[in-house]
Structure formats: structure tokens, C-alpha cells
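Right, one structure below, let's go through it.
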Amino acid sequence: MAAASSSDSYSGRTESNEANSKWLDAHYDPMANIHTFSSCLSLADLHGDGEYKLVVGDLGPGGQQPRLKVLKGPTVLTESPLPALPASAATFLMDQHEPRTPALALASGPCVYVYKNLRPYFKFSLPQLPPNPLEQDVWNQAKEDRIDPLTLKEMLEDIREKADVPLSVQSLRFLQLELSEMEAFVNQHKSKVIKRQTVITTMTTLKKNLADEDAASCLVLGTESKELLVLDPEAFTILAKMSLPSVPVFLEVSGQFDVEFRLTAACRNGSIYILRRDSKHPKYCIELSAQPVGLVRVHKVLVVGSTQESLHGFTHKVRSLAPPLHAVCPVSPELSITCCSSHPLFPREALSSLRTLAVSCQGKKLWTVQMPAAILTMNLLEQRSRGLQAVMAALANGEVRIYRDKALLNVIHAPDAVTSLCFGRYGREDNTLIMTTRGGGLIIKILKRTAVFVEGTGEVGPPLAQTTKLSVPRKTRLYVDQTLREREAGTAMHRTFQTDLYLLRLRAARAYVQALESSLSPMSTTAREPLKLHAVVQGLGPTFKLTLHLQNTSTARPVLGLQVCFLYNKALYALPQAFFKVPLLVPGLSYPLETFVESLSSKGISDMIKVGGYFRGKWDPGEAVG
């Protein structure tokens, strides 16, 4: 009753907006008790009857009691327990035999559980890794009773801190025990062989030899041991193994395994690596300034969500550069670029300060969109009837935003923060959006058949002129010759620039010292008399108007008892008032003093007029007026 009443209230709140919305509210159950991520959701026709079901790898409340659930409509069709927390779920075709029913693959721990017709079909386990030889030697000593459990713990802790190879599960469990439980654990496990087992972190599918929708697909696994494995869809043998510098957490694939393919892996070190066919190690990399929270490929653009509450778009194209040199891009600090030493603008002096990498940092940054809240999950929205591909991003404020490139298409407001997204055919509806919330709720929306996404309908964004490409002229012969000259004479040009810069600084310092020695500076050089003088001369002659602006530059102390005097040649100039008594000067205000100057020379001879002040009986010459 509680679930029904809550669902009715949510439907009532959205009923008024449904007419203007592009979505139909098909179902909402806040008490569905589904706790999962986008990688653990999949839609497939599991029985070949045209009725698409929802496969959910449910973590369970609080990460306890993980289960595999299959939903038909709003109800749970089947439910079975899992031995470990699920990492990813995918559906794929194993062969070309009839009937064409897809298999279900669920990655959990070190295993991939394959189901056909919702029945267990095959279990693939990751190959074991070689144990740490130091760890093996320590346990052999414990087996021969040459060390006690306390010494064993100290030696294992030292190995864990210094060794590159991580410890086995047996050693890690031993280090968590209390002192009273160690001896019994050692007696029980000292005769067992040390095994080191990795686990699966992410999984996706790759077409085997055809690009058709109903073609057979291979499973691509990312493991905690920084490896990517490609499995045969029929025999489940390892067809290819690739190494990464870090642990993969998100995968995107394109192409076919037997023809040409490209694997894109977002890793925990904040980098995105791109691998191609017949490559054991990545040769191309995109480095981010924050950890990725999602990776979606839209046509030839990689859309990456980061923990800095932003979406970034990168090109998917790669090109070969040799030798690559790693440098930080001055335009976009989030992206590290690769400079080629043969480029005409590459400075030769920078060769010694850069380090050569084994991978070339590629992927030009196309755009960045800032989000109003943190990104929780991302997925692809593909409307095949209209040829639309867009990115869905669920935010911590309860919004689900849909973007095509950097243009906002639509905003969906959910009653709770959405933790997983899945779009596709569900039941017999082609365009269905399935969302699960942080509290375990289930939301199902259907895209209206008349809905058309128009750029800019979500919210006011940047002007369209901002996206217009500039007509950059082509490189001329003069430009190429100039770049070649800069490359050949770069050192001499840099030295000439530095010499001119030092001369400029020297001349400025000499002029400043001369102004201080001749008291021609408009600023007072003593802290006790914080004054600033500024003179303005107006007129064409022979009578001029002279305006002197006085300003107290202190922060809180006023100036009292200041008298200003003009010193001039009486044979050339005549001033009706050459002496002023200045009132109290408040800090920060400018006080103008005006007088007139008459030129007495008929030959146009001019001289300097000095402005000074008597401050507490002390003569302080100020600015000179020519």
C-alpha cells in the first residue's frame, strides 16, 4: 500500500507536466528494492518470443545478498542468488544456430556466469596469477615451523608495503585476524598452496566477424590485474590478452574482432587508453585532470564524465607520431598532448625537460559542459527510428540530462537520485528508459512516438554563433619559411629577446633612480608623508590653466598642515597665486588646486615649473610641470 500510494503521489505531481513532456510515465515503484549500476542492466529477448526482458545484477541492500533478477514489465520473472557482488551484465549471441536466442553473461568476482534460457550454461574462471615468491617463501617457513605467527604477520606486512605483486587472499585474511586467532589460522592453511586470483572490474561485448545486429559477439573483460581479455563466444577460450597501465573501470568497443576493432578503456589512474587489433599494449592515451565516472561513445566522439561535475568530448581518431614527447597542453590543462620533435614550432631546448613515453597522448578535446551537480552514472540513448544518438547523465540533484554533443536536448526530473540508466526495447516498446534510484526504486518511462529532440529546448545555453567554425586561412609559403627560420635560429632569437628585455629593465631602473634623486616623482618616498601629486595643464596659450590634484595615499591617517608652492622663472611665467594652504586631506580622496599661468616670452621659450610642499616645516619638492 505504501508503494502504491507513493507511486500515485509521484504520478499526480507529474500528471500536469506529462502533456508537455516527451516521456510517458509507464511505472514507478519506490519500493522495488533494486540496488544496481548501469553496467549491471541489460535488455534482451531471452526466449526469442519478441518480448524483451530486463536483466538486473542486483547488489542487494547494503551490498548484502546479491541476486540475479529478470523483470518482465514491472514484475520480477525469476530471481536467483549470486556468490559475489556483480560487476557487469551483458547479453550476446554465441553462434548462428536457430533459434537465435541470446545468452546472458554476468561477471561476478573472478568468474563469468553464462545463462541460456535463464538456466546455467557455462562458468568461466579467470586464470590464476603467479604468487609473490617472497610470500611463498614466508609461508613455507611457517609450514616448517621456523617462524611463529607474530613473525609471519610482520614479514607479510613488510612484503605488502614494498613488493609490487599484491598478496594473496589467504595472506590478506591472515593480516586481519586478532592475535589469538592467528595460530589456528596458520595451522589450518600452512599446508595449502598459495593462490592469487584476480577479479573482473568491467565487461562488454565485441562483434566477432560481422557488424550485423544478430551476429555473434565476443566477451571483453577488464580485470583487477590491469588486463583486458577477449573470449571466444563458443569455446570461451582467451582469444587475445592486452595489458594496461592501470585497472580498467569502463569499456567501449567498436569494430569486429576478426577484421579491425578498437578498445577504449577508462582506468583508475584518470587516463583513457585506446588499443587496436594486434596490440598488446596501448599506444594512445587521453589524460584527464579528474577521475572518470562514465564513458560513452557517440559515433566518433568519446564522451567522458568526470568527478569535476563536467562532461568532456574527445575525438576518437588516432594518428602515429614518432618520437612522441609528453607535454602539458597550454590551452587545455585537462588534456596532455604529444609534441613531435620534427614539428617546426617545437623548441629544441625543451627536449631535455620532457620525458619520452611509451604511449602517444591523443584525442583532441572538442568541448566541455559543466553540470549543476555531481554525475552519478551515464549511458547511451539511441533512437534508431530517427538516427539519434545522445548521452544520458544522471546527476546527484535528481536530474537526468540528455546531451547531443554539448547541446542539451532534454531534462528529466526524478523523485530521487538515479544510480543506473538503461535505454532500449523493453517488452514491445522500442524506446523505453529504465532508471533505478538510490533508495531502490524503479522508474520506467516510454518515449512518445511523436517526440522530437530539438537542441536548446532543455535550457538556455551558449549562443549558436559560438559553435560556428571560423574560416582559418591556409598556411602560406611565408608562414612556412618563417617557422623554419624560427626552428633553425630559435636559440639566437631567444638570446636576443632576453638581451633586449634586460636592457629595458636597466633603463627603467635608471630612470626611476634619477627621478628619486631629483625629487621629480609624483609620489612621496617617505612613509610618514603619504602624498601623491598630479598636475594637469590646459589651454593653448599664452594663458594656461594649471590644476594640481593632491591625494592622501594612507589608509587611515589624515594629513594636516600642508602648504603647496610653485617654483618658476619669473622672466618667463607669471602666476597670480603661487602659494596654497591645503586643508585637511582625508585618505583616498583627490583635492584639486587651480591657478593660471601666463607665458611672458614672445619667442616661445619655455621652462620647467616645479611643485613642492612644506610639510611640518620640511620642504618636499614634488612634480615638475613643463
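The values are calculated or read from the model by the stated rules, or taken from the named source; none is laboratory data. The structure displayed is predicted, hence computed values, not measured ones. In this analysis, Cβ positions are derived from the backbone assuming ideal geometry, glycine residues included, and neighbour counts consider all displayed protein chains. SASA here: full protein model, heavy atoms, side chains in, ligands and nucleic acids out. Shrake-Rupley method; radii C 1.70, N 1.55, O 1.52, S 1.80 Å.
Show me the GluC sites (Glu not before Pro) within segment 124-178 that DSSP assigns to loop and that have at most 14 other Cβ atoms within 10 Å of their Cβ.
Working: sites: GLU135, GLU144, GLU154, GLU157, GLU161, GLU178; in loops: GLU144, GLU178.
Hits after loop and neighbour filter: GLU144, GLU178.
A Förster radius of 56 Å, combined with the Cβ-Cβ distance separating ARG384 from HIS534, puts the computed FRET efficiency at roughly 0.15.
Applied to segment 426-440, the Karplus parametrisation 6.51 cos²θ - 1.76 cosθ + 1.60 on θ = phi - 60° returns per-residue 3J(HN,Hα) values of 9, x, 10, 9, 6, 10, 10, 10, 10, 10, 10, 9, 4, x, x Hz, with x for Gly and Pro.
Under a 5 Å amide H cut-off, with hydrogens placed 1.01 Å from N, VAL199 pairs with GLU224, SER225 among residues at least 5 apart or on other chains.
Amide H contacts of ILE609 (H built 1.01 Å from N, in plane; Pro and chain starts excluded): VAL625, GLY626 sit under 5 Å, all sequence-distant by 5 or more or on other chains. Computed in the context of the full set of protein chains, the accessible area of segment 195-291 at 1.4 Å probe radius has 45% of its extent on carbon or sulfur. Computed over segment 152-280, the alpha-carbon pair-distance distribution with 5 angstrom bins reads 2, 9, 16, 16, 13, 10, 9, 9, 7, 5, 2, 1, 0, each value a whole percent. Spin-label model, ASP148/GLN514: points 7 Å from Cα along the beta carbon direction are separated by 8.7 nm.
Work through the residues other than GLN128 whose Cβ is under 11 Å from its Cβ and net out their charges, Lys, Arg +1 and Asp, Glu -1. Before the final figure, lay out each step's value.
Numbers: positive: LYS195, ARG196; negative: none.
Combined, the nearby Lys, Arg, Asp and Glu give +2.
How much length is gained if the chain between GLN577 and TYR591 is pulled fully straight, taking 0.36 nm per residue apart and subtracting their Cα-Cα distance, in nm to one decimal? Numbers along the way, then the final one.
Values: separation 14, 0.36 × 14 = 5.04 nm, distance 1.70 nm.
My answer for the length gained is 3.3 nm.
Counting every pair of alpha carbons in segment 20-60, the share spaced more than 14 Å apart comes to 65 percent. Annotation for segment 191-273: GluC sites (Glu not before Pro) lying in DSSP loop with at most 13 further Cβ atoms inside 10 Å of their Cβ are GLU213, GLU234. For LYS570, the lysines whose Cα falls under 18 Å of its own Cα, not counting residues fewer than eight places away in the same chain, are LYS545, LYS603, LYS610. Reducing segment 118-173 and segment 542-616 to their Cα centroids gives an inter-centroid distance of 89 Å.
When the alpha carbon coordinates of segment 56-184 are projected onto the principal axes, the ranges are 62, 34, 24 Å, largest first.
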